[in-house]
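Have a look at the structure below before the remarks.
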Amino acid sequence: MRELLLPKFNNNDEGCVLVDWAVEDGDEVFADEVVAEVETAKALEELVADVDGVLHRLVEVGAQCEFGRPVGLLFDSHQERDDYLANLASADVSTAPEGEDEDHDGGPEPILSDAARTLAQDHGIRSEQLRSLGKRVVKASDVQRLIDQGVMDQGAESAAAGAAADAAAVVSLSTRQRAVAAVVSEAHRTIPAAFAAIAVDLTAFRATRGGAPYGLVELLVKAMAARHADFPLFFATPGADHTLVLASDANVGVTVDVGTGLFIPVLRDAARRPIGDLADDLMDFRVSALRQNFRGDAFADEAITLSLHNDPDIVLAAPIVHPGRTCVVTLCAERSEVALAEDGTPFTRPVTTVAVTYDHRFLNGRDAVRFLTAVKQDLESADAIARLAG
């Protein structure tokens with residue numbers, strides 16, 4: 001992945017306005033091809049690509065842009081861009097099937113991406129509204145514009161009718177949140193998810209860790225990866241005709257959210273790599289999330305996901321299963337729990353909750369409980385912790 005940077009066209013301005021994109025979002029571009037037009041205080045300038053790639057836009061037409069900042073990304077392939085968007089919780093699919101459907105008036109029906117179709121159904125968007133866009137392929141962002149227009153039209157009608165709308169406020173979702181909405185809608189529409197959770201006693205972890213340069217996240221990654229051979233379906237990718245493609249390595253995607261958006265970079269070959277290396281990678285991921293400069297392959301080849309919900313007092317969380325995965329494991333916050341010793345004496349112990357949300361088409365409740373129990377045993381055993389961290 002390469003950033004499409006806005007060069008400094010002159011020394012008098014700090015930035016410019018992006019007037020128009022010459023290339024559609026998701027299309028291939030070639031080195032030295034004009035991809036956008038920008039306007040400085042003095043002239044209209046052309047922005048050209050410095051390498052071949054698949055374009056992903058970062059700014060909209062009309063946006064104020066700073067020189068030296070990226071306005072887009074160039075990926076080596078469509079698959080690499082799709083992986084990136086999936087980890088940004090984006091599900092705009094721009095591939096259209098062959099053939100054209102005709103409507104009852106004889107005009108061609110537009111082709112909708114899965115995310116666009118879901119969004120249109122959820123908001124009651126009619127076929128004639130979709131045709132009014134004048135596009136052969138309609139994406140979720142196009143449907144969202146119709147929804148936004150409908151909100152504005154309703155507001156105008158209410159104002160004209162003198163309705164008491166002054167006390168109401170209408171807030172449009174951000175582009176990122178619209179992408180989240182599309183992914184969540186698609187996941188709930190296509191994946192029959194189930195959920196199981198287990199409490200984990202962290203006494204052994206606290207006692208054995210000492211000053212070791214790793215934390216509970218890294219240890220859980222190792223415990224999950226160590227169960228790859230025993231629970232291969234948890235590390236699989238759904239295929240066609242009720243099949244699963246098994247992963248050759250325990251590549252664990254870990255959610256990273258430092259306030260700049262949700263990313264799921266991948267810890268590769270987690271079962272065989274030292275735990276210290278995993279800790280270093282996680283630190284690098286957090287820095288990359290802050291700077292938003294992940295490597296192009298940072299999100300590739302994910303086999304299983306670990307979703308972190310370790311804000312204080314979070315005791316349970318059930319995230320969605322992303323399309324392409326069979327499950328997502330959740331780690332919640334550490335907390336203190338009152339327990340009773342064998343003689344009835346109360347004491348406190350550190351605990352957490354580890355959970356799994358799973359696609360019930362491929363995994364059953366008994367499998368989920370067995371998987372969680374195996375992970376729990378590793379996290380509660382001093383010998384197992386030493387083996388995983390060794």
For the range 243-316, the Cα gyration tensor yields equivalent-ellipsoid semi-axes (√(5λ), largest first, whole Å) of 21, 16, 13
Dipole magnitude (debye, nearest 20) for the range 324-386, charges at Cβ of Lys, Arg, Asp, Glu:
400
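Could you compute the FRET efficiency for residue 373 and residue 273, with r as their C-beta to C-beta distance and R0 at 30 Å, rounded to 0.05?
For residue 373 and residue 273, the calculated efficiency is 0.75.
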Listed peptides 15-25, 295-305 by packing density, highest first (mean Cβ within 10 Å)
295-305, 15-25
In percent, how large is the relative contact order of the range 217-258, given Cα pairs closer than 8 Å and 6 or more residues apart?
32
Taking just the alpha carbons, could you work out the radius of gyration and Dmax for the range 195-264, both in angstroms?
15.8, 50
For the chain, what is the convex hull volume of its Cα atoms per residue in Å³?
216
Over the heavy atoms of residue 322, what accessible area does a 1.4 Å probe trace out, to the nearest 10 Å²?
40
For the range 299-314, take each phi angle, set θ = phi - 60°, evaluate the Karplus expression 6.51 cos²θ - 1.76 cosθ + 1.60, and give the result in whole Hz per residue in order, putting x for glycine and proline.
10, 8, 6, 5, 10, 8, 10, 10, 9, 8, 10, 9, 5, x, 6, 7
In the chain, carbon and sulfur make up what percent of the accessible area (probe 1.4 Å)?
49
How would you classify the range 1-81 from its alpha-carbon gyration tensor, with a ≥ b ≥ c the square roots of the eigenvalues: rounded for a/c under 1.5, else prolate if a/b is greater than b/c, otherwise oblate?
prolate
FRET efficiency for residue 176 and residue 386 from the Cβ-Cβ distance with R0 = 45 Å, rounded to 0.05, comes out at 0.60
Taking only the alpha carbons of the range 251-390, what extent do you get along each of the three principal axes, in Å, biggest first?
57, 35, 30
With +1 on each Lys and Arg Cβ and -1 on each Asp and Glu Cβ, how big is the dipole of the chain about its Cα centre, in debye rounded to the nearest 20?
1700
With +1 on the Cβ of every Lys and Arg and -1 on the Cβ of every Asp and Glu, and nothing else charged, how large is the dipole of the range 240-335 about its Cα centre, in debye rounded to the nearest 20?
60
Using a Gaussian network model on the chain with a 10 Å cutoff between Cα atoms, which of 181, 341, 196 fluctuates the most?
341
Among 285, 388, 306 the positive-end extreme of the charge dipole of the chain (Cβ point charges):
388
Taking a probe of 1.4 Å, how large is the accessible area per residue of the range 237-369, in Å²?
49
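The values are calculated or read from the model by the stated rules, or taken from the named source; none is laboratory data. Treat the numbers as computed from the prediction; the structure is a model and nothing was measured. A quick note on method: Cβ atoms are made from the backbone with ideal geometry, for glycine too, and the neighbour counts reach across all protein chains shown. Please note that ligands, DNA and RNA were not included when accessible areas were found on the heavy atoms of the full protein model with its side chains. Shrake-Rupley method; radii C 1.70, N 1.55, O 1.52, S 1.80 Å.
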